[in-house]
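Inspection log for the structure reproduced underneath, given as structure tokens.
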Amino acid sequence: MREKLKLAVCQLRTELDRAETMEKASRMIREAAGQGAQIAVLPEMFNCPYSGRYFREFTALGHEGTVSALSAWARENRIWLVGGSVPEGEDGKLYNTCFVFDSEGRQVARHRKVHLFDIDAPGMRFRESDTFSPGEEITVFDTPWGKMGAAICFDMRFPELFRAMAKRGARVIFVPAQFNMTTGPVHWEMTLRARAVDNELFVAACSAARYQGFSYECWGHSAVIDPWGTLIASADETEQILYAELDLGRVEEVRRQLPTFLHLREDVYEVAK
């Protein structure tokens with residue numbers, strides 16, 4: 001199992017023109033591969049404006065073409081690809097879905113957002129459940145660097161989901177996201193660091209870049225956190241590729257030094273494996 005990993009977090013701005021966004025994503029992945037990245041990550045709803053106004057419209061265009069493009073980008077660039085998330089339609093239902101591909105372009109995982117973003121806070125009201133159905137599965141997949149997991153944005157507020165992935169062997173958890181300008185400044189980094197510390201693993205969160213003036217402005221600030229809770233790479237709100245070098249041996253090292261994850265009292269409490 002490989003212990004060193006170069007990660008590229010592609011913080012791109014989603015445009016109203018899907019073709020423009022797809023071309024931009026293709027360029028970023030190509031650039032990341034050229035810089036030696038072995039895994040690239042895209043944001044939540046990377047090819048669809050994050051707004052209830054657009055979710056059904058972009059789902060109607062079909063997710064199959066985007067999935068085919070993601071597969072091709074992974075294969076052509078010989079890179080693993082965590083494809084952010086896209087609006088997926090199946091059997092009359094809509095999902096907020098992350099597809100993951102290996103460097104041969106084979107789909108190795110699909111994570112449908114489990115916890116839908118329904119919020120009614122000062123300055124922010126949003127109901128993902130008006131459009132999407134929730135996913136029902138915990139997503140962990142095998143890679144040359146060991147097991148990894150995927151969650152989407154609001155999923156990260158639920159520590160039970162991350163603990164379940166950790167118990168299934170995940171050493172890195174990817175989080176495509178679009179936190180907003182209300183919750184982002186106060187909760188984004190704190191929550192990411194908490195999930196990393198809780199489970200003593202790496203968390204890599206890829207936000208979209210901020211689209212100023214759009215009805216939903218996301219916080220940006222993509223970040224990579226190590227198992228000690230240290231912020232090892234971070235972005236601002238602008239479009240960019242964030243690179244991080246991960247030493248995956250750090251997971252076992254931290255768990256030996258501060259063995260909270262290894263000393264779970266499953267005779268008293270338990271999260272599903």
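Of note:
- Elements of the type strands (runs of 3 or more DSSP E) sitting completely within the stretch 104-183 and holding at least 1 residues that are of a type outside the set (A, V, I, L, M) and within 15 Å of the chain's Cα centre (by Cα): these cover 107-112, 139-143, 146-150, 172-177.
- Scope the stretch 214-257; condition over 21 Å from ILE29 (Cβ atoms), in a strand (DSSP E or B) and either in contact with a helix residue (DSSP H, G or I) (Cβ under 6 Å, 6 or more places away or on another chain) or touching a residue at least 24 places away in the same chain (Cβ under 8 Å) (or both); matching residues: ILE225, LEU231, ASP247
- Unmet criterion (only one of (1) surrounded by fewer than 17 Cβ atoms within 10 Å (Cβ to Cβ); (2) touching a strand residue (DSSP E or B) at 6+ places or on another chain (Cβ under 9 Å); (3) touching a residue at least 40 places away in the same chain (Cβ under 8 Å)) for SER26: (2)
- Any chance ARG78 is at pLDDT 95 or above, in contact with a Phe, Trp or Tyr (Cβ under 6 Å, 6 or more places away or on another chain), surrounded by fewer than 24 Cβ atoms within 10 Å (Cβ to Cβ) and under 22 Å from GLN11 (Cα atoms): no
- Of all residues in the stretch 50-90 being of a type in the set (Phe, Trp, Tyr), assigned to a helix (DSSP H, G or I) and in contact with a Ser or Thr (Cβ under 7 Å, 6 or more places away or on another chain), the one that is nearest to PHE141 (Cα to Cα): TRP73
- Within the stretch 105-125, the set of residues being in contact with a Ser or Thr (Cβ under 9 Å, 6 or more places away or on another chain), of a type outside the set (A, V, I, L, M, F, W, C) and surrounded by 13 or more Cβ atoms within 10 Å (Cβ to Cβ) comprises GLY105, GLN107, ARG110, HIS111, ARG112, LYS113.
- Yes/no for ALA204 being outside any strand (DSSP E or B), within 23 Å of ILE39 (Cβ to Cβ) and within 15 Å of the chain's Cα centre (by Cα): no
- Scan the stretch 31-49 for residues that are in contact with a helix residue (DSSP H, G or I) (Cβ under 6 Å, 6 or more places away or on another chain) and either among the polar types (S, T, N, Q) or in a helix (DSSP H, G or I) (or both) and the total you get is 2.
- Scanning the stretch 158-187 for residues that are of a type in the set (Phe, Trp, Tyr) and closer than 12 Å to PHE261 by Cβ yields a single hit, PHE162.
- Odd one out for ARG2 among (1) at pLDDT 95 or above; (2) out of contact with any helix residue (DSSP H, G or I) (no Cβ under 7 Å at 6 or more places or on another chain); (3) under 21 Å from ALA233 (Cβ atoms): (1)
Table: residues versus (1) in contact with an Asp or Glu (Cβ under 6 Å, 6 or more places away or on another chain); (2) surrounded by fewer than 18 Cβ atoms within 10 Å (Cβ to Cβ); (3) within 19 Å of PHE46 (Cβ to Cβ).
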position: PHE101; (1), (2), (3): no, no, yes
position: ARG127; (1), (2), (3): yes, yes, no
position: GLY135; (1), (2), (3): no, no, yes
position: GLY146; (1), (2), (3): no, yes, no
position: GLU189; (1), (2), (3): no, no, no
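- Against the criterion of being within 21 Å of the chain's Cα centre (by Cα) and not aromatic (Phe, Trp, Tyr), PRO259 does not qualify.
- The single condition among (1) in contact with a helix residue (DSSP H, G or I) (Cβ under 8 Å, 6 or more places away or on another chain); (2) under 20 Å from CYS153 (Cα atoms); (3) surrounded by fewer than 14 Cβ atoms within 10 Å (Cβ to Cβ); (4) not small (Gly, Ala, Ser) that ARG53 does not satisfy is (1).
- Residue match in the stretch 86-96 (condition: closer than 25 Å to TRP219 by Cβ, surrounded by 20 or more Cβ atoms within 10 Å (Cβ to Cβ) and charged (D, E, K, R)): yes
- Filtering the stretch 53-93 to residues that are in contact (Cβ under 8 Å) with a residue 60 or more places away in the chain and over 20 Å from the mean Cα position of the chain (by Cα) leaves ARG53, ARG56.
The values are calculated or read from the model by the stated rules, or taken from the named source; none is laboratory data. Bear in mind that the values here come from a model prediction, so they are computed numbers and not experimental data. Positions of Cβ are backbone-derived with ideal geometry, glycine not excepted, and every protein chain shown enters the neighbour counts.
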